[in-house]
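Working notes for the structure below.
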Amino acid sequence: MLEAPKPKTITTQAMEQIRQLIFDGELAAGSDHLESELADRLGMSRTPVREATLMLAQQGLLEVRPRKGVRITTLSLKDMEEIYSVLTELESLAAEEAAQAGLSDEDLCELKQSIEAMEEALGNEDREAWAIADDAFHEELVRLGGNSRVQSIVSMMSNQVRRARAMTLYIRPLPLKSNEDHRAVFDAIKNGNAAEARERHRSHRQDAREVLIDLLKKHKLFQL
């Protein structure tokens, strides 16, 4: 019998709420905020907020400044290009290793479900639901690769991509091709075709990078 999920700690709740405020642009890039201000905004004490900001600093979303509060990190287009280059290679390696692992249908169940959730979301033109399912796909793909160091590095960098995607989610075309790519990667993993899984995922990430960078440039959402 599966155990019920453990309730989230106050610190985790604070981290998720602050992170969402950053993604939504309510805590703007380059802006400064005191712990007391964030605590009041979240209706929490300063201790979990302080712990949350330290965690978010490790993820690169903000900088903790002793006795000065926090500053929301500003990213440049060069930062995003570098982050995408690293994620592309590491996730493609994960896809290759997942295909080599001889995974069963049960092992691949969550990956399949994330694709189905994306397809349903696009059918409803629900971009936020698509983004949640897209995150689930990439997280599960990396987990199936079985490389703990890849998982750690990707986890640290993925929030930067989510932040940029949140800024462009409603100004990009519906990501129909992205879903086709996900399905192709899934099929390659299921069929044990490691080379195809790696190349299809690399191509997918490269296409996504081009779309994102073009939008950021066109709408001047990031620093050059």
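The values are calculated or read from the model by the stated rules, or taken from the named source; none is laboratory data. In this text, all values refer to a predicted model and were calculated from it rather than measured experimentally. As a convention, Cβ positions derive from the backbone with ideal geometry for all residues, glycine included, and neighbour counts pool all protein chains shown. When the accessible area is computed, the model is the full protein with side chains, heavy atoms only, and any ligands, DNA or RNA have been set aside. Shrake-Rupley method; radii C 1.70, N 1.55, O 1.52, S 1.80 Å.
Estimate the FRET efficiency between K78 and D207 by the formula 1/(1 + (r/R0)^6), using the beta-carbon distance for r and 25 Å for R0, to the nearest 0.05.
Approximately 0.80, to the nearest 0.05.
Roughly to the nearest percent, how much of the accessible area of the chain is carbon and sulfur, given a 1.4 Å probe?
Roughly 49 percent of what the probe reaches on the chain is carbon or sulfur.
Using the Cα atoms of the range 1-117 to build a convex hull, what is its mean projected area in square nanometres?
Over every viewing direction, the Cα hull of the range 1-117 projects on average to 10.5 nm².
Any chance you could look up the accessible area of T74 with a 1.4 Å probe, heavy atoms only, rounded to 10 Å²?
60
If every alpha-carbon in the chain counts as one equal scatterer, what log10 I(q)/I(0) does Debye give at q = 0.10, 0.11, 0.16 1/Å?
Log10 of I(q)/I(0), two decimals: -0.50, -0.60, -1.18.
What number, in nm² with one decimal, is the all-direction average of the projected area of the convex hull of the alpha-carbon atoms of the range 126-224?
6.6
For the chain, with a Gaussian network of springs between Cα atoms less than 10 Å apart, report the residue from R183, R71, R172 with the top mean-square fluctuation.
Fluctuation is largest for R172.
Just want to confirm a number: the relative contact order over the chain, from Cα pairs under 8 angstrom separated by 6+ residues, in percent.
26
Regarding the range 147-202, what whole-number volume in Å³ per residue does the convex hull of its Cα atoms give?
It is 89 Å³ per residue.
Please sort 95-103, 124-132, 19-27 by packing, taking for each peptide the average over its residues of neighbouring beta carbons within 10 angstrom, highest first.
In decreasing order of mean packing, 95-103, 124-132, 19-27 become 95-103, 19-27, 124-132.
In whole percent, what relative contact order does the range 178-224 give with Cα contacts below 8 Å and a gap of six or more residues?
That works out to 31 percent.
Calculate the dipole size of the range 1-86 relative to its Cα centre from +1 charges on Lys and Arg beta carbons and -1 charges on Asp and Glu beta carbons; express the result in debye to the nearest 20.
Computed charge dipole of the range 1-86: roughly 320 debye.
What lysines could a cross-link reach from K218, if we take a straight Cα to Cα line under 29 Å and drop same-chain neighbours fewer than 8 places away?
The qualifying lysines are K78, K177.
Tell me, what is the percent relative contact order of the range 98-180, built from C-alpha pairs under 8 Å that lie six or more residues apart?
34
Give me the accessible area per residue for the chain, probe 1.4 Å, as a whole number in Å².
55
What is the ratio of the Cα radius of gyration of the range 102-163 to 2.2 N^0.38 Å, where N is its residue count, to two decimals?
1.21
Helix 148-168 versus the longest principal axis of the chain: what is the Cα-based angle in degrees, 0 to 90, to the nearest 10?
Orientation of helix 148-168: about 70 degrees from the principal axis.
For a label point 7 Å from the Cα of S85 along Cα→C-beta, name the residues of the range 44-67 whose backbone N is under 20 Å from it.
60
Looking only at Cα atoms, what is the convex hull volume of the range 74-197 per residue, in Å³?
Dividing the Cα hull volume of the range 74-197 by its residue count gives 98 Å³.
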